[in-house]
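Participant: I'd like to ask you about the structure that follows.
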Amino acid sequence: QLHSDQDKGDGSLKYILSGDGAGTLFIIDEKTGDIHATRRIDREEKAFYTLRAQAINRRTLRPVEPESEFVIKIHDINDNEPTFPEEIYTASVPEMSVVGTSVVQVTATDADDPSYGNSARIIYSILQGQPYFSVEPETGIIRTALPNMNRENREQYQVVIQAKDMGGQMGGLSGTTTVNITLTDVNDNPPRFPQSTIHLRIPESSPVGTAIGSVKATDADTGKNAEVEYRIIDGDGTDMFDIVTQKDTQEGIITVRKPLDYETRRLYTLKVEAENTHVDPRFYYLGPFKDTTIVKISIEDVDEPPIFSRSSYLFEVHEDIELGTIIGTVMARDPDSASSPIRFSLDRHTDLDRIFNIHSGNGSIYTSKPLDREISQWHNLSVIAAEINNPKDTTRVPVYVRILDVNDNAPQFAVFYDTFVCENARAGQLIQTISAVDKDDPLGGQKFFFSLAAVNPNFTVQDNEDNTARILTRRNGFSRHEISTYLLPVVISDNDYPIQSSTGTLTIRVCACDSRGNMQSCNAEALLLPAGLSTGALVAILLCIIILLVIVVLFAALKRQRKKEPLILSKEDIRDNIVSYNDEGGGEEDTQAFDIGTLRNPAAIEDKKLRRDIIPETLFVPRRTPSAPDNTDVRDFINQRLKEHDTDPSAPPYDSLATYAYEGNDSIAESLSSLESGTTEGDQNYDYLREWGPRFNKLAEMYGGGESDKDTS
């Protein structure tokens, strides 16, 4: 309540209020000065308010006293419970931790005034999670409450923490939160094999590196704490097998280290150890962190191919050995206990010339053709061994045959020598240096000797003792007109055993040389030719001969052209014609004059040509006539051709003489030509001409018309 000393109680003064919440949260009675709150006040919203009050004259509205300021302080009550910033907390702690190991700290807040009473004093307690965990009442730190908590037994825990104000006393407000705690893994468990003995089987034919099987030790830990390394620590197969750790599956893969043989050993025993790679020293007392198991590997028998005594063979033989000589023997055996007999053969793809052969029973290789080191110094063969009882299982071995040299080739000139000697040569002059080659290859190297086959008065040979020799002249001057070429036999021999020699002949030409010895000409005949016609005269003679040949060709062409001209040039000339070919036949006895077979086979005749004795008005396309069978009579063939001509529009409308080169029987019509019409009798009947077709109508009218007129009259 506010009260002014000037207030006499007569109601002449008026109290007014201003400041924080004046008129809304706080109001004042104008007459008495009592201040009232209009609603409930929350300290957590605002702890104090600053107001100003003044008393004024109601009538004049003038202040009767100066304005005074005062503060209204809100006293706190416990109206807020403690709250946690997170509804759910997540925490972890290693397994096997000692009691009291800190896990996580949770903190709650209270909106009440901590300086006034115990409204904001918070005490923590655990509602769920005992007896595994505990919480410090003042700090909210959660700690382990049991020793050696094992993740492998239980991994997840849920703890409920309560925060209560008023120091945890009765009537205090509280709030809760949930903490999910996970036990993290530590390496506190060693690996363990589920079996003390493991049995595996593998065929003896398995190649090196083949995986036989796997072993696996289990570890209750996780992650790197469960990583295991496998090794073979003992057994009778430590040198025959290996073990490799598979990181992704944590298995030990046992593989073949050396080739297996059932006949040598059928069972191997291995002692395999599995050990953790990451061991925590704090848990050594739980160890050892390793385990062992026995692995027994049984070898299975397989029908194996033969095995050669060597991986390859090398035989050396001289090239002059006789056919059938054994150059070497290969040996193979059946590794199986049955010990089947072996059959040997040569791969003919490696001996296409079939120079060698092999004995199928004992593997002896012998020659079947002569050897020649100069053709092939090495022969690479492949021998195949197969069991007689199982020929499909084969083994191959390379056999290298080296052919040793024998002195069986004579030396020869290294190149062809084109040798000449100058006419003005002097005695002792060098005209050629020669050398030799030999296909043989002696161990001491090549050594050749040169000599003449016989004493020569013109030339001699001088051995240089370095596999070369010089050809020298023995006299002064040579004449190519007397002798143009000399033949000089040279004997070349080697020094190997047996000595081989050959005779090579040098052809030495005699040539004209200048003063320096340079060859100018070696042709002796060129000097003997007389100085006859000049070059110009020879060219003129050739031109005349060519001109004469051209004239002869033109004359022959003109003569042939004249023969091709038609006999009748005018198409208006329809007189009877006699075509004479000036060719008298040989009669019936002449079988060469005409091939009657052509009449029987018209297909052999060339395409129908136009007649040469007339110039047709229109060119008609020749028609192909069907071929007559071989047994067709010539008479039928001629009648067929006659009918074709009757119906042919291109046939001439006048009489012509056609020669068929076949006499035949007498015709009832006799001659059809008008040339003999004057000698015939006038009363001859020509009515049969009308029966021969439309082409004979003209003749029928000409020769049969008179009688027709008489009949009609």
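The values are calculated or read from the model by the stated rules, or taken from the named source; none is laboratory data. These numbers come from a predicted model, not from an experiment. Because the Cβ atoms are built from the backbone with ideal geometry, glycine has one as well, and the counts that use them run over all protein chains shown. All accessible areas refer to the heavy atoms of the entire protein, side chains included, with ligands and DNA or RNA removed. Shrake-Rupley method; radii C 1.70, N 1.55, O 1.52, S 1.80 Å.
Participant: Counting only residues that are assigned to a strand (DSSP E or B) and open to solvent by less than 70 Å² (accessible area, probe 1.4 Å), which one in region 274-292 is farthest from Ser206 (Cα to Cα)?
Facilitator: Ranking the qualifying residues of region 274-292, first place goes to Asn276.
Participant: Between residues in region 236-264 that are over 16 Å from Gly213 (Cα atoms) and residues that are open to solvent by 40 Å² or more (accessible area, probe 1.4 Å) and of a type in the set (Lys, Arg), which pairs lie under 8 Å by C-beta distance while being six or more apart or on different chains?
Facilitator: Qualifying pairs under 8 Å: Asp239/Arg257; Asp239/Lys258.
Participant: Among the residues of region 425-449, how many are within 60 Å of the chain's Cα centre (by Cα) and either open to solvent by less than 60 Å² (accessible area, probe 1.4 Å) or closer than 30 Å to Glu319 by Cα (or both)? Break it down into steps so the answer makes sense when it comes.
Facilitator: Filtering region 425-449 for residues within 60 Å of the chain's Cα centre (by Cα) gives 432-449.
When the remaining residues are screened for being either open to solvent by less than 60 Å² (accessible area, probe 1.4 Å) or closer than 30 Å to Glu319 by Cα (or both), the result is 432, 434-449.
Selection size over region 425-449: 17.
Participant: Where in region 151-251 are there strands (runs of 3 or more DSSP E), lying fully within it, with 3 or more residues that are open to solvent by less than 70 Å² (accessible area, probe 1.4 Å), of a type outside the set (Val, Ile, Thr) and at pLDDT 90 or above? Before the answer, list the steps.
Facilitator: Values: elements: 156-164, 174-184, 197-203, 211-215, 228-235, 241-246.
Output list reads 156-164, 174-184, 211-215, 228-235.
Participant: Let me confirm something: among Val93, Val98, which residue is in contact with a Pro (Cβ under 7 Å, 6 or more places away or on another chain), of a type in the set (Val, Ile, Thr) and in the same structural domain as Gln156 (by the TED database)? Walk me through how you get there before you give the answer.
Facilitator: On the way: Val93 fails: in contact with a Pro (Cβ under 7 Å, 6 or more places away or on another chain).
Just a single option satisfies the conditions, and that option is Val98.
Participant: Quick one: which residue in Ile508, Ile546 is farther than 30 Å from Phe420 by Cβ and at pLDDT 55 or above?
Facilitator: Of the residues listed, the single one that is farther than 30 Å from Phe420 by Cβ and at pLDDT 55 or above is Ile546.
Participant: Restricting to region 351-401, what's the tally of residues that are within 18 Å of Arg310 (Cβ to Cβ), assigned to a loop (DSSP other than H, G, I, E, B) and either among the β-branched types (Val, Ile, Thr) or open to solvent by less than 10 Å² (accessible area, probe 1.4 Å) (or both)?
Facilitator: 1
Participant: Also: I'd like to verify a number: residues in region 124-135 that are open to solvent by less than 60 Å² (accessible area, probe 1.4 Å) and closer than 30 Å to Val186 by Cα, how many?
Facilitator: 6
Participant: Hey, another quick one. Does any residue in region 449-466 that is within 17 Å of Asn495 (Cα to Cα) come within less than 7 Å, Cβ to Cβ, of a residue that is assigned to a strand (DSSP E or B) and small (Gly, Ala, Ser) six or more places away or on a different chain, and which pairs are these?
Facilitator: Short answer, once both residue conditions are applied: Phe449/Ser493; Phe450/Ala469; Asp463/Ala469.
Participant: I would also like to ask the following. Could you say which residue among Phe70, Phe48 is over 30 Å from Ile181 (Cβ atoms) and surrounded by fewer than 11 Cβ atoms within 10 Å (Cβ to Cβ)?
Facilitator: Phe48
Participant: When region 293-316 is examined, which residues are found to be open to solvent by less than 20 Å² (accessible area, probe 1.4 Å), at pLDDT below 95 and within 30 Å of Ile403 (Cα to Cα)?
Facilitator: Once the filter is applied, which keeps residues that are open to solvent by less than 20 Å² (accessible area, probe 1.4 Å), at pLDDT below 95 and within 30 Å of Ile403 (Cα to Cα), region 293-316 yields only Pro306.
Participant: Restricting attention to region 34-42, does a residue exist that is at pLDDT below 80 and open to solvent by less than 60 Å² (accessible area, probe 1.4 Å)?
Facilitator: Among the residues of region 34-42, at least one is at pLDDT below 80 and open to solvent by less than 60 Å² (accessible area, probe 1.4 Å), which makes the answer yes.
Participant: Looking at Glu65, Glu81, can you tell me which residue is assigned to a loop (DSSP other than H, G, I, E, B), modelled with pLDDT of 80 or more and surrounded by 16 or more Cβ atoms within 10 Å (Cβ to Cβ)?
Facilitator: Details: Glu65 fails: surrounded by 16 or more Cβ atoms within 10 Å (Cβ to Cβ).
Exactly one of Glu65, Glu81 is assigned to a loop (DSSP other than H, G, I, E, B), modelled with pLDDT of 80 or more and surrounded by 16 or more Cβ atoms within 10 Å (Cβ to Cβ), namely Glu81.
Participant: Output the number of the condition that Thr139 fails; it satisfies all remaining conditions of (1) open to solvent by 60 Å² or more (accessible area, probe 1.4 Å); (2) touching a strand residue (DSSP E or B) at 6+ places or on another chain (Cβ under 9 Å).
Facilitator: For Thr139, the exception is condition (1).
Participant: Given the options Thr222, Thr177, Thr210, Thr218, name the one that is assigned by the TED database to the domain that holds Gln105 and among the β-branched types (Val, Ile, Thr). Don't jump to the end; show me each part of the working.
Facilitator: Working: Thr222 fails: assigned by the TED database to the domain that holds Gln105; Thr210 fails: assigned by the TED database to the domain that holds Gln105; Thr218 fails: assigned by the TED database to the domain that holds Gln105.
It is Thr177.
Participant: Taking the conditions exactly as written (among the basic types (Lys, Arg), farther than 30 Å from Ile198 by Cα, in the same structural domain as Gln377 (by the TED database) and surrounded by 12 or more Cβ atoms within 10 Å (Cβ to Cβ)), does Arg333 satisfy them or not?
Facilitator: yes
Participant: Look through region 87-123, keep the residues that are closer than 30 Å to His75 by Cα and open to solvent by 90 Å² or more (accessible area, probe 1.4 Å), and return whichever of them is modelled with the highest pLDDT.
Facilitator: Once the filter is applied, the top-ranked residue is Arg121.
Participant: Taking region 453-480 on its own, how many of its residues are open to solvent by less than 40 Å² (accessible area, probe 1.4 Å) and part of a strand (DSSP E or B)?
Facilitator: Summing the residues that are open to solvent by less than 40 Å² (accessible area, probe 1.4 Å) and part of a strand (DSSP E or B) in region 453-480 gives 7.
Participant: Show the residue pairs that are 6+ apart or on different chains and have beta-carbon atoms under 8 Å apart, the first residue being within region 367-379 and among the acidic types (Asp, Glu), the second being surrounded by 12 or more Cβ atoms within 10 Å (Cβ to Cβ) and assigned to a strand (DSSP E or B).
Facilitator: From residues that are among the acidic types (Asp, Glu), the pairs are Asp372/Ile403.
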